[in-house]
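The values are calculated or read from the model by the stated rules, or taken from the named source; none is laboratory data. All of these numbers come straight from a predicted model, not from anything done at the bench. Cβ: placed from backbone, ideal geometry, glycine included. Neighbour counts: every protein chain shown.
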Ligand code: AMP
């Protein structure tokens, strides 16, 4: 039976009962407005654990003042139905006051991986992500936590944090779920007008094209990124934030593709900033 829990105290008490019975806990952190991407994480967690906790928390700390915190889409009722249908055991749905009470002043910050790609245009983003994920891990104490490759840099950053800070949690990365025409599913797709929605296809098209070039043997990062940039520039509504090839583990720029490579793009379609990527092991 699905239970919605708003307080840290109650979440801890229920999860402790599970742990005392020897049950394993899978955790899917989200900002809500759930779609097939989130559902794929929930399904994976269900497969691998006795109990599944989904958190829904639009974390103010990871948004800069000029970003979309206020208008970020929310639909708790629909989210609850999705969780019910997918046999989630607990939704952890705390208020901002519960997560960040007066006087809150401790943060998890990271150098290296969190300073590249999205870290450049969103300088405080990963400090907010690492801090909230760390707090959520301390509350839920999961055996495994599930993150989408859709946010590949986030996945890499969280893996690094767990390793560096010796958290006894397995991080499970899950593939990108796409619309039938290729667009990566995202809560932010809701912002797109009809014409922007069409223009947004340039992201997945470019990712598929880049992936094909790498599969066909392209190993020079600059050549690859230039081809991809030129493709994005054919779409008049698109404005490039970045197109980069980095090492997946360190998120540092590379000249030549080798090892496990993350090729990531961020593109504005109108006012909406969208991301997409592919990971390739040479
Ligand atoms: P969000 O609610 O956008 O913060 O996302 C919560 C989790 O769902 C993150 O681990 C995301 O990477 C993952 N996610 C979001 N969209 C997708 C998608 N299209 N495919 C796979 N995972 C996704």
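Details
- For region 119-128, the set of residues classified as within 12 Å of the ligand (Cβ to nearest atom) and either surrounded by 20 or more Cβ atoms within 10 Å (Cβ to Cβ) or assigned to a loop (DSSP other than H, G, I, E, B) (or both) consists of 125 only.
- Those residues of region 155-188 which are part of a helix (DSSP H, G or I) and out of contact with any helix residue (DSSP H, G or I) (no Cβ under 7 Å at 6 or more places or on another chain), in sequence order: 159, 162, 163, 164, 187, 188
- Remark: pairs (first residue in region 90-105, assigned by TED's automatic domain parsing to the domain that holds residue 60; second residue buried (at least 17 other Cβ atoms within 10 Å of the Cβ) and assigned to a loop (DSSP other than H, G, I, E, B); Cβ separation under 7 Å; 6+ apart in sequence or on different chains) = 94/57; 99/57.
Residues are listed down the side, and each one gets a yes or a no for (1) surrounded by 16 or more Cβ atoms within 10 Å (Cβ to Cβ); (2) closer than 30 Å to residue 46 by Cβ; (3) assigned by TED's automatic domain parsing to the domain that holds residue 40:
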{"position": "181", "(1), (2), (3)": "no, yes, no"}
{"position": "238", "(1), (2), (3)": "yes, no, no"}
{"position": "250", "(1), (2), (3)": "no, no, no"}
{"position": "265", "(1), (2), (3)": "yes, no, no"}
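- Any chance residue 169 is near the ligand (Cβ under 10 Å from one of its atoms) and not assigned by TED's automatic domain parsing to the domain that holds residue 231: no
- Taking the listed residues 200, 152, the one that is near the ligand (Cβ under 10 Å from one of its atoms) and surrounded by 22 or more Cβ atoms within 10 Å (Cβ to Cβ) is 152, with no other qualifying.
- Test: residue in region 173-196 that is at positive phi, without any contact (Cβ under 8 Å) to a residue 24 or more places away in the chain and either under 21 Å from the mean Cα position of the chain (by Cα) or away from the ligand (no atom under 12 Å from the Cβ) (or both): no
- Any hit, region 129-145, residues being within 14 Å of the ligand (Cβ to nearest atom) and in a strand (DSSP E or B): yes
- Residue match in region 145-157 (condition: modelled with pLDDT of 95 or more and farther than 22 Å from residue 264 by Cα): yes
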